[in-house]
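Each reported figure results from applying straightforward, stated rules to the coordinates on display, with no laboratory input. Fair warning: this is a prediction, and the values are worked out from it, not measured in the lab. Because the Cβ atoms are built from the backbone with ideal geometry, glycine has one as well, and the counts that use them run over all protein chains shown.
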Amino acid sequence: MPTVLITGANRGIGLEFARQYAADGWKVIATARDPGKAGELKAVPGVQVEALEVTDDASVAALAAKLKGVKIDVLLNNAGISGPRGFAIGEWDFKAWEEVMVVNSIAPLRVAQAFLPHVEASDRKIMAFISSRMGSITLNGGGSAFYRSSKTALNMAVSCLALELKDRGVTCAVFHPGWVKTDMGGAGADITTGESVTGLRKVIGGLDIGKTGKFFNYDGAEFPW
Ligand SMILES: NC(=O)c1ccc[n+]([C@@H]2O[C@H](COP(=O)([O-])OP(=O)(O)OC[C@H]3O[C@@H](n4cnc5c(N)ncnc54)[C@H](OP(=O)(O)O)[C@@H]3O)[C@@H](O)[C@H]2O)c1
């Protein structure tokens, strides 16, 4: 039975990943900043819930140590924030921008570094990173500079990671999950978490080293950088 570790699994897309992988018989290690408040996640049968604050070195190191020797087939870096929107130049809040970069761009790589031994020891050796079409420079429509730039930076960091890990057989890819009805996406979004995660799981399931370093939509189409 393969194993998946999911960050930010207490709500939204991460929670749906936990539900679907568990229903499919996977061993699911689902993380939340505060497991005490992760009632919906803890109600999913068969899921191992662990505490993880992805911006905190000590938190990430502690979970990696606790899980030493556990093989992780799919490391799913899902946790993210939108940050404040609607700032124009002259109004930029640099503290807020920095926080978005720390959570969305840097933290997933901290998690990747800490769990590389677990992934490398597994059969599938997959690192999946939930990015966004808003990180695509080609498709940029302007606005939301904090969030857009954080996802563009994530994309480049994963592209570098993929090149570095290719010879070690670790496949790394970034994904646009669609515009999804969650706290972040809002009620007016295009698709449900169920539709998004069904698609993403299919694409992740079809990954191999020949697809490392690519950017995919949840329906499997390649995305422009
Ligand atoms: N929804 C969309 O339309 C959409 C579109 C494109 C990309 N995405 C991306 O998809 C991913 C999931 O989004 P979502 O819509 O499911 O968002 P969401 O409903 O707002 O959930 C975000 C999750 O990330 C966790 N998180 C935030 N900061 C964290 C931190 N520092 N450490 C650990 N966990 C943290 C949250 O935990 P708490 O509950 O503790 O805050 C929560 O579990 C994100 O990377 C997002 O950028 C979403």
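Looking at region 200-217, can you tell me whether even one residue there is touching an Asp or Glu at 6+ places or on another chain (Cβ under 8 Å), under 22 Å from Ala107 (Cβ atoms) and without any contact (Cβ under 8 Å) to a residue 60 or more places away in the chain? Checked region 200-217: at least one residue is touching an Asp or Glu at 6+ places or on another chain (Cβ under 8 Å), under 22 Å from Ala107 (Cβ atoms) and without any contact (Cβ under 8 Å) to a residue 60 or more places away in the chain. The combined condition, being in contact with a Ser or Thr (Cβ under 6 Å, 6 or more places away or on another chain), closer than 30 Å to Ala58 by Cα and of a type in the set (Val, Ile, Thr), is fulfilled by Thr171.
Restricting attention to region 7-61 and to residues that are of a type in the set (Ser, Thr, Tyr) and under 22 Å from Ser132 (Cα atoms), the residue that is nearest to the chain's Cα centre (by Cα) turns out to be Thr7.
Taking the criterion of being at positive phi and part of a helix (DSSP H, G or I), no residue of region 129-169 qualifies.
Applying the criterion of being closer than 24 Å to Asn104 by Cα and small (Gly, Ala, Ser) to the residues of region 19-56, the residue that is nearest to the ligand (Cβ to nearest atom) is Ala32. Report yes if Ala32 is of a type in the set (Gly, Ala, Ser) and over 19 Å from Val180 (Cβ atoms), otherwise no. Here the answer is no, as Ala32 does not meet what is asked.
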